[in-house]
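Below: one structure, written as structure tokens.
The values are calculated or read from the model by the stated rules, or taken from the named source; none is laboratory data. No experiment lies behind these values; they were computed from the predicted model shown. When we count neighbours, we look across all protein chains shown, and the Cβ atoms used for this are built from the backbone with ideal geometry, even at glycine. When the accessible area is computed, the model is the full protein with side chains, heavy atoms only, and any ligands, DNA or RNA have been set aside. Shrake-Rupley method; radii C 1.70, N 1.55, O 1.52, S 1.80 Å.
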Amino acid sequence: MLFSSIVFLFVFFPVVLVLYYCFSFSRMLQNILLLLASLVFYAWGEPVYVLLMIASILVNSVLAVMIERGKSGRFRKMLLAAAVTLNLFTLFVFKYLGFVMESVRSEELFGIKAVSLTLPIGISFFTFQAMSYVVDVYRGTVRAENPFYVGLYISFFPQLIAGPIIQYNTIADQIRNRRSDFDMFSMGICRFVVGLGKKVLLSNCFAGIADNVFSWSAIGTERMMVPAMLAWLGSIAYTLQIYYDFSAYSDMAIGLGMCFGFEFPENFNYPYIASSVSDFWRRWHISLTNWFREYVYFPLGGSRVANQDYMVRNMLVVWLLTGIWHGANWTFLFWGLAYFIFQLAERFFEYPEKMQDRFLKHFYTLMVVNALWVVFRADDLYQAGRFFMNMLGLNNNGFYSDMAVMLFRENWVFFLAGVLFAMPYARDMNRILYDHPKIFLHRVCTVLYPVGLMGLFIVCVSYLASGTYNPFIYFNF
């Protein structure tokens, strides 16, 4: 079930919200409702795989309790290894088994025959949350909970499908003692509507352009010529699409959480204003970056190692896993390795500290990010290579494109909005108005802001009702 769907906006969410506040006299009843609603939410699109998620909840809950009660350090380590192995094996079977078998050209691997399995939506997200919970119990940073609370933590529908990835200690106290008031609820609704607007009006627009250009590029230069101008427009459209797709989902997830009294961590911090590739990853998908740092990079030794070779190894492992996490394709592996190389180079050349020109730093970062999004989006490395050749005009494809001009003329308002809202102008203006409540503009915006959001919501619903193109990229991960 998509957040940006009519059934969610006008059936599922309103019903759950009304029932939730009808049970405001009992936190336990509210939690039961949210758990049941979350299971229904997942079963709506995955009626069979909801059993897989329930099994993950139960198994990890039992193993966590056994780890906490275990008296032998060796026994506890064995249980932790079993939990991590089970989680990773489940992820491997459903997400990577077919790819590995295809790569080694085998119909059987480890006694498992090749079968056609659909990818359970959000399996990477809820599996990582389950693993982090068990690891934290082993470390002693959280107490082992009963399956009910673990189930609510893992399956909570706002962040179930595409994050942000939340550690249990972030949400443990909120499950029992969160507050729900009008101010928090209203902020949550506003955050949700903003995310909905980013998704429906911006991401969907860029998706149509990017998908067309990439599909034309895949046809081949013999049948469809993609001039350099059109290829660049397609790559830029995808760069904007993936940001507004994923950040919109995070906005809506955070907003929905606030409606029910939960405070989730931010997942994006204007990544396209980054001054280096390393800075970009401090701003992009923050929860995933934090997860790998906390549960992979630091346990391996991080950067505080006597031998720099170990630091390089640690970075390599993290970025290999980051690429693999995103999908079963050589493109994702190459994408992760490329980010490893760029960040390693920045570390050794002390970039961006030694470069003073802010424009060049931003330009370099955006060029790298845009190029690697091409690899990320391509069906395979061959298509990525052909697309790069189109961008550089090396396919005898020329530069000028009437199609690119037409697409830009039809969508220039969306491109302008996409660029402006990728920078913190709106946030900074909001802070200025908040810090100066007595100025006239503050009073005007206080009235216009809710009216504007209502108008934005109506426009979004109109787009959805008309059946506009409405994909969600990160459902695939």
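Below is a table of values for the structure above.
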quantity: Odd one out for Phe262 among (1) hydrophobic (A, V, I, L, M, F, W, C); (2) within 30 Å of Arg358 (Cβ to Cβ); (3) in contact with a Lys or Arg (Cβ under 8 Å, 6 or more places away or on another chain); calculated: (2)
quantity: Given (1) among the small types (Gly, Ala, Ser); (2) on the phi > 0 side of the Ramachandran plot; (3) under 26 Å from the mean Cα position of the chain (by Cα), number of the condition Ala384 does not satisfy; calculated: (2)
quantity: Hits in segment 406-418 (condition: open to solvent by 40 Å² or more (accessible area, probe 1.4 Å) and touching a helix residue (DSSP H, G or I) at 6+ places or on another chain (Cβ under 8 Å)); calculated: Phe408, Phe414
quantity: Cβ pairs under 6 Å, 6+ apart, first in segment 67-84 and more than 14 Å from Ala130 (Cα to Cα), second open to solvent by less than 50 Å² (accessible area, probe 1.4 Å) and outside any helix (DSSP H, G or I); calculated: Glu68/Ala144; Arg76/Gly70
quantity: Residue check for Ser72: surrounded by fewer than 19 Cβ atoms within 10 Å (Cβ to Cβ), in contact with a Ser or Thr (Cβ under 8 Å, 6 or more places away or on another chain) and small (Gly, Ala, Ser); calculated: no
quantity: Residue match in segment 17-30 (condition: open to solvent by 10 Å² or more (accessible area, probe 1.4 Å), out of contact with any Asp or Glu (no Cβ under 7 Å at 6 or more places or on another chain) and within 16 Å of Met252 (Cα to Cα)); calculated: yes
quantity: Residue that is surrounded by 15 or more Cβ atoms within 10 Å (Cβ to Cβ), farther than 22 Å from Ile166 by Cα and in contact with a Pro (Cβ under 8 Å, 6 or more places away or on another chain), where the choices are Ser275, Ser287; calculated: Ser275
quantity: Selection status of Ile189, more than 26 Å from Ala422 (Cα to Cα) and among the hydrophobic types (A, V, I, L, M, F, W, C); calculated: no
quantity: Failed item, numbered, when Leu36 is tested on (1) at pLDDT 95 or above; (2) crowded, with 17+ Cβ neighbours inside 10 Å; calculated: (2)
quantity: Qualifying helices (runs of 4 or more DSSP H) (wholly inside segment 106-223; at least 3 residues being within 30 Å of Ser401 (Cα to Cα), open to solvent by 10 Å² or more (accessible area, probe 1.4 Å) and modelled with pLDDT of 85 or more); calculated: 204-219
quantity: Segment 397-419, residues that are over 27 Å from the mean Cα position of the chain (by Cα) and either among the polar types (S, T, N, Q) or closer than 15 Å to Asn204 by Cβ (or both); calculated: Asn397, Ser401, Leu407, Glu410
quantity: The lone exception for Thr322 - which of (1) farther than 23 Å from Val134 by Cα; (2) of a type outside the set (A, V, I, L, M, F, W, C); (3) surrounded by 14 or more Cβ atoms within 10 Å (Cβ to Cβ) it fails; calculated: (1)
